[in-house]
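Student: This is the structure I want to talk about, given as structure tokens.
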Amino acid sequence: MNIGGGINPDTADEERFFDFVVEYYKNKEQVDEKTFVKICKYYTHTTRRINRGICQKYYRRLQDFIRFIKWQNKK
């Protein structure tokens, strides 16, 4: 799993996150929250107050997107 240059709340990083979600789904990746957060923190400056909890937030968003994609593919 490779998150790339980090996950931050600005637009360019949002687009990278969406690309990551698509690749994650295509490759049928399965990663638990603890592992995701650990890797995310390696690439993201989580000590900045604005970024605290961002890795957990993105993991929850990842799971939401995956559930949505699976739901769409069942139609």
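Rule-based calculations on the coordinates, nothing more; no lab input. In this text, all values refer to a predicted model and were calculated from it rather than measured experimentally. Cβ: placed from backbone, ideal geometry, glycine included. Neighbour counts: every protein chain shown.
Student: Multiplying the sequence separation of Asp19 and Ile69 by 0.36 nm and subtracting their Cα-Cα distance, what value in nm do you get?
Tutor: 16.7 nm
Student: Identify the trypsin sites (Lys or Arg not before Pro) of the range 21-73 meeting these criteria: DSSP loop state and at most 10 other C-beta atoms within 10 Å of the C-beta.
Tutor: In loop regions of the range 21-73 (DSSP not H, G, I, E or B), the sparsely surrounded trypsin sites (Lys or Arg not before Pro) are Lys28, Arg48.
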